[in-house]
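Structure incoming, see below.
The values are calculated or read from the model by the stated rules, or taken from the named source; none is laboratory data. From a predicted model like this one, the values you see are computed outputs, not experimental measurements. Cβ atoms come from the backbone with ideal geometry, glycine included; neighbour counts cover every protein chain shown. Side chains are part of the model used for accessible areas, which takes the heavy atoms of the whole protein and leaves out ligands, DNA and RNA. Shrake-Rupley method; radii C 1.70, N 1.55, O 1.52, S 1.80 Å.
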Amino acid sequence: MKALLKLSGIETWHGSICALKHVSLEVFQGQIAVLLGPNGAGKTTVLKTVMRSLYDQKRAQPEKGSIEFEGKRIDRLKTGEIVRRGIGCVPEGREIFPELTVRENILMGAYTRRGGKDIRADIETVYRYFPILRERKDRQAGYLSGGEQQLLAIARALMGRPKLLMLDEPSLGLSPMMTREIFEIIRSINLQEGMTVLVIEQNANIALQYAHYVFLLENGRVVHAGKPEVMKRDKRVREAYLGSSDNSSP
Amino acid sequence: MIAQLILEGIATGACYGLFAIAFVIIYKTSDVVNFSQAEMAMFCTYFMYHILSLYHVPFWISFLATLGFAAFLGIMLEYVFLRPARHSSTIGLIGITLGIEIILMGLAGWKWGAEQKEFVLPVSYSSTHTIFGDTFISDWAIALFVTTACVMTALYFFFKYTKPGIAMRAVQQNMYAARIVGVNTGAIFSLAWAMSSVIGTIAAMFFAAASTLDPQFMMTPFVRAFAAAVLGGIQSIPGVILGGLILGVAENVFGYVWPDSKPIVALIVIVLVLCFRPSGLFVRHYIKKV
Amino acid sequence: MPFLTVDNISVNFRGVKALAGVSFSVEEHSIFSVIGPNGSGKTTLFNLINGIYKPDRGRIVFQGTDISRLSPDRIARRGIARTFQNIELFSRASVMDNLLLGRHIHMRCGVFSGAFMWGRRSRAAREEIENRESVEAVMEFLGISPLRDHPVVNLPYGKRKLVELGRALALEPRLLLLDEPTAGMSADEKKDLDVRIRAIRDQYKATIILIEHDMGVVMGLSDTVLAIDQGRVIAEGKPREVQSHPDVVKAYLGS
Amino acid sequence: MKQDHYADVGLFPGKSTALGVLGFILFLVSLPLYLPEYNFYLLNLMIAHVIIVVGLNILAGGTGQISLGHAGFFAIGAYGTVLLMQKLGIPFIPALVLAGFIAAFFGFVVGLPALKLEGPYLSIATLAFGLAITHIIGHVDIFGGRTGIQAPPLDLGIPQWGLSYVLSSDVQKYWLFLVVALLMAAGARNIMKTRVGRSFKAIRDSNVAAGVMGINLPAYKTLAFAVSAFYAGIAGGLFGFVLGFFNPEPFNLVLSITFLIMAVVGGLSSIAGSVAGAALITYLQFSLLKNIDEIPYFGTLLTSISERWFTDEGLHNIDSIVLGIIMVIIIIFEPSGLYGVWLRIKGYVQKTPRDTHKAGEV
């Protein structure tokens, strides 16, 4: 299988703190990969390093290592160019434009594209995925509920027609039901469009359920990687992320 | 009599509002309050004066050339001075625009001296038309109303329907997200500074035609326009124009009743508004959840 | 009389319910944990106890007085200290200065006595020395004495968490609110902190409310656990009871 | 680890600093021995500026709030001192202190909007205040209107009781100014080292955390303005006697900006920086750049440039260009100003950074 995104030996610093220590991982074409880890493990930094959106563009590059997308290095490109190459991103905490309307938010997702007709057609497609957004299209995005904002952020990312969609904690602040719904949508996008997805999650349970492949990040290192079935059986993973949910075991 | 006062107040108020729009554009995109706005406009007006009176270029050509120069000046100042300091604190950013202000003021003084010059527009302040009774309106005011209306309409469409316009609003609301969808934030800032400089220059030409041209001539309008902007909330363009109108009328009426108080009406307005409505009269903020 | 009572508290942000009718009470000298999925309103609860937010409805009674409408500094003066989820230190100041800020409410020195700090006998100097000594004791307790003169910006994450804890302790709190103290810590550091939190309760005679994700830490430490989800209490009781409560399993483990 | 805690708060952090400061004071004291009399006008001006910038620094560097109205407090100090002496017959020293407190009161009032405003909104409020003060002074008779007022003789004694000690020459005033400035600087340093100063910095770094630690935000925000305005008032009081005769004109917006430039150039977090910034900018503005065409080579070059492309009579405008450029360059390249430059030089000379040294001790 071909690796769509490949990080090799990435090291990223936040000032004097080394946030990522030699992180290597590969996301395969057509899969849903999940990057799992506790708060402060550096998950979001992985995403930001790929997008080169730490601080400003000049300094937002890994100090060491390389990032390849479709076999070409992208770790020296500007964020705009990375988006144009086909990486879409749903950042942590949604990060929508609160005072733009829903429609304008969606339009911003197509910022790097040309051709009004295609874009209008894609907006329709997105509305089909998320009918609630069509209902709310002239409302200021800041007044949507958390779940709707999450859908909007995904819709916006889809408008760039990405080959790889990265989602940072889509479950943050959502009810279990809403979280499930979001993951169902992610799965259906993955199945229907064949889009590759990288999800960053804290919620191990749901992540393991939908993932094809899981990376476990702790203190800036990938400490474990494998298929979800394997991970679920791992004792350490159980204890740390699933809670000791089976009280029978000591 | 009172009608005349109000009409004149509306005219100057529109001019304050027009100039205040220039702040709004920069503030909306980058959260920088540009204290050098007045001097940028002053400098460009001098540029126009220079090519008009020394090289005798026809008015419209020199007008367009000046707008081009204004755009260039805005882009250059942003690129050279503000971009390297993007990570400064608020104090740093204000400091930089203050620095630009005195640099430009010095340059203008060096180049053109301190004496007052006469700046002539084809629309005269003294040629007037009677509307009714003893109420009259000058060509200057008519041209100003038309210009302000045009600028407002153009900006409305720009921010509502064009890609760079929407992107500009997006950058201000959430720079990180804007970058993530692929917006080149640098280009947006350049555009904002260019637009702001051009609009500020147009307003300054009207001010210069109504008074005289010297390196400090924009200082007072600057404070008034700032008051107008604060009144309107430094966020919304119609709000700012409305703020300008209110201020212009208030100033004229108060100035008539107590001639001494005219210069400080604006200041009192600023302080009162800021004390009771810190975000201006016409702004409804989306409140971010902490 | 309970030490702290949160009585039917509700708060909305722009129509979105953050907390809806939450009630519970905390016994003195106990360790009380609040658990719940991300965004369930745990930090909002802390912000309410602290006075950063004001509740729309309900009361918070601390040692017999209603504190729900007081400003944060008033509440701090009553002996409530906290740490933040995303570390809110005074980053440009040294560790010492950060901890000294925790002593703020125990100091009296104003502009004039400060300005006339001439020599070590002056009022301001005596006060400074006294408080620096007590801060030193806190640093000793947390094992951060070697860092006393370092600016906190340069410290690693774990150390900054300790500095923040130290700052809260310097206030000599009667009630200490800890917002995810173990986030981002390694297993060893967690174990360490576990011991330390017990020590804080015993040595500093403080009552502790804890927001925590790590179930291991929560189960080991707490006397009482409160589980909330979407702004509502779904379970309260002994750790074991809460852990096996069906609603908690459903909300927290998402199945 | 037993340690002397007073060493941390004492006036001098170490022996070397103490020696350095002592040496600097000796140098200042010895100046009248060999410097011609005419220089002392400039030196007195510098001292007045140093005091106001130290005060501005408490506000801007301490709490991170900005003021574009300090020329207003400066004017209140100047007019206040002179009028208290003239109209009420109060001796100089109490008049000066009283004027300082009047300025502080106005500072407190200006600080009130600071409770709700931040950044640009606040700076425009302070700007409005500064302009309003100048306007009022220019329009009220008691202040002498636009023509201005004459400062009385600078008498340190109590003339009514026949105790008179008049300082007439610039050198004599210099002694007085020096003593006042040293007291004010030491006071500022002490304030910033103790509880109040720490609270200011806490407000700058994190409003929320400061509140939670028990700091009363409204009280401290207005207090910062009041303290800063007190310094401006004292500085203004001295300034009035440097000029002797003054009108509202110099207390304009440009002056407020100049003070800010001094503070930023010196460095917004250190008192030594404020001293250096105020002295340097004052020197540039009132000495070097005033006579810019007399600087060897550079001056002639500028004159010829002026004749070729600019105007000759506009040449003095160079000073604002230079000041502006210094301001901008400092903010972009060395946000901690001259103080930051000094730290770099020190670090370069010592090679061993202070931190590792300290850590090694433990």
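Just going by the charge dipole of the range B:143-290, with Lys and Arg at +1 and Asp and Glu at -1 on Cβ, which of B:229, B:176, B:210 is farthest out on the positive end?
Result: B:176.
Whole angstrom only: what separates the Cα centroid of the range C:116-189 from the Cα centroid of the range B:81-114?
42 Å
Packing-wise, with mean Cβ within 10 Å as the measure, how do B:240-253, B:192-205 rank, highest first?
Details: B:240-253: 23.5, B:192-205: 27.1.
With the highest mean Cβ count within 10 Å placed first, the list reads B:192-205, B:240-253.
Sum up the charges of everything whose Cβ sits under 10 Å from the Cβ of residue A:69, counting Lys and Arg as +1 and Asp and Glu as -1, but leave residue A:69 out.
Summing Lys/Arg as +1 and Asp/Glu as -1 gives +2.
Shifting gears a bit: Please give the peptides A:130-139, C:170-179, B:12-21, B:54-63 ranked by average Cβ packing (other Cβ atoms within 10 Å per residue), highest first, as a rough proxy for protection. All intermediate terms of the calculation are to be shown ahead of the outcome.
Values: A:130-139: 15.3, C:170-179: 22.9, B:12-21: 28.0, B:54-63: 12.0.
Averaged packing, sorted descending, gives the order B:12-21, C:170-179, A:130-139, B:54-63.
Anything over 18 Å Cα to Cα? Flag those among A:6/A:163; C:159/C:191; A:21/C:161, in the order listed.
A:21/C:161, as the Cα separations exceed 18 Å there.
Rounded, prolate or oblate, given the Cα gyration tensor of chain A, with a/c below 1.5 counting as rounded?
The shape class here is oblate.
Sort out for me the Cα centre separation of the range D:321-342 from the range D:61-76, rounded to whole Å.
Comparing the Cα centres of the range D:321-342 and the range D:61-76, I get a distance of 20 Å.
Sticking with this structure for a sec: Per residue of the range A:79-90, in order, report the coupling 6.51 cos²θ - 1.76 cosθ + 1.60 (Karplus, θ = phi - 60°) as ³J(HN,Hα) in whole Hz, putting x for Gly and Pro.
Each residue of the range A:79-90 in turn: 3, x, 5, 5, 4, 5, 5, x, 10, x, 9, 10 Hz.
Need one number: % antiparallel among DSSP beta bridges in the protein assembly as shown, to the nearest 5. Mind showing how you got there, number by number?
Values: 51 of 85 bridges.
Antiparallel: roughly 60 percent of the beta bridges in the protein assembly as shown.
Quick one: if you stick a label point 7 Å off each Cα along the C-beta vector at residue B:132 and residue A:187, how many nm between them?
So the two model labels end up 7.4 nm from each other.
At what distance in nm do the modelled label points of residue A:125 and residue C:189 sit from each other, each positioned 7 Å from its Cα along Cα→Cβ?
In this crude spin-label approximation the distance works out to 4.4 nm.
A follow-up question, please. For the peptides D:299-307, C:67-75, C:114-122, B:175-183, what is the packing order when you average, over each peptide's residues, the other Cβ atoms within 10 Å and list the highest mean first?
Ranking the peptides D:299-307, C:67-75, C:114-122, B:175-183 by packing returns B:175-183, C:67-75, C:114-122, D:299-307.
Let me know the Kirkwood hydrodynamic radius for chain D, please, with Cα pairs as the basis and the value in Å to one decimal. Before the final figure, lay out each step's value.
On the way: mean 1/r = 0.0458 Å⁻¹.
Result for chain D, one decimal place: 21.8 Å.
With a ≥ b ≥ c taken as the square roots of the eigenvalues of the C-alpha gyration tensor of the range C:90-172, please select rounded if a/c is under 1.5 and otherwise prolate if a/b is larger than b/c or oblate if it is not?
Cα axes put the range C:90-172 in the prolate bin.
While we're looking at this one, here's another question. Counting only residues 5 or more places away or on other chains, whose amide H sits under 5 Å from the amide H of residue A:221 once H atoms are built in the peptide plane?
A:21
Give the accessible area for residue B:218 in Å² (nearest 10); use a 1.4 Å probe, count only protein heavy atoms, and leave out ligands, DNA and RNA.
0 Å²
Hey, another quick one. Binned at 10 Å from 0, what are the whole-percent values of the Cα-Cα distance distribution for the protein assembly as shown, short to long?
Reading upward from the zero bin: 2, 9, 16, 20, 20, 16, 10, 5, 1, 0, 0.
Taking a probe of 1.4 Å, how large is the accessible area per residue of the protein assembly as shown, in Å²?
That works out to 40 Å² per residue.
Along the three principal axes, how long is the range C:1-76 when you take its alpha carbons, biggest first, rounded to the nearest angstrom?
34, 26, 20
Counting only DSSP beta bridges with both residues in chain A, what percent are antiparallel, rounded to the nearest 5? Spell out each step's value before the answer.
Values: 21 of 39 bridges.
Here the antiparallel bridges make up roughly 55 percent for chain A.
Follow-up question, since we're still on this one. Quote the FRET efficiency, to the nearest 0.05, computed for residue D:22 versus residue C:134 with a Förster distance R0 of 45 Å and r equal to the Cβ-Cβ distance.
0.85
Another question, if that's okay. Dividing the alpha-carbon Rg of chain B by 2.2 N^0.38 Å yields what?
1.00
Residues of D:314-323, mean number of Cβ from any other protein chain within 10 Å of their own Cβ, rounded to a whole number? Don't skip to the end; give the middle numbers.
Values: counts 11, 2, 4, 13, 4, 2, 11, 8, 3, 4.
Taking the mean over all residues of the peptide, I get 6.
Additional query: Taking every residue in C:106-113, how many Cβ atoms of other protein chains lie within 10 Å of its Cβ, on average?
5
Report the net charge of residues surrounding residue C:71, where surrounding means a beta-carbon distance below 11 angstrom and charges are Lys +1, Arg +1, Asp -1, Glu -1.
+3
What's the average, rounded to a whole number, of partner chain beta-carbon atoms within 10 Å of each residue's beta-carbon in A:143-151?
On the way: counts 4, 1, 2, 3, 0, 0, 0, 0, 0.
Shielding by partners across A:143-151 averages 1.
Consider just the alpha-carbon atoms of chain C and return their Rg together with their Dmax, both in angstrom.
When restricted to the Cα atoms of chain C, Rg and Dmax are 19.0, 67 Å.
From the square roots a ≥ b ≥ c of the eigenvalues of the alpha-carbon gyration tensor of the range C:180-229, which class results: rounded (a/c under 1.5), prolate (a/b over b/c), or oblate? If you can, show how the numbers build up before the last one.
Numbers: a/c = 1.96, a/b = 1.06, b/c = 1.85.
Judged from the Cα gyration tensor, the range C:180-229 comes out oblate (a/c at least 1.5, b/c at or above a/b).
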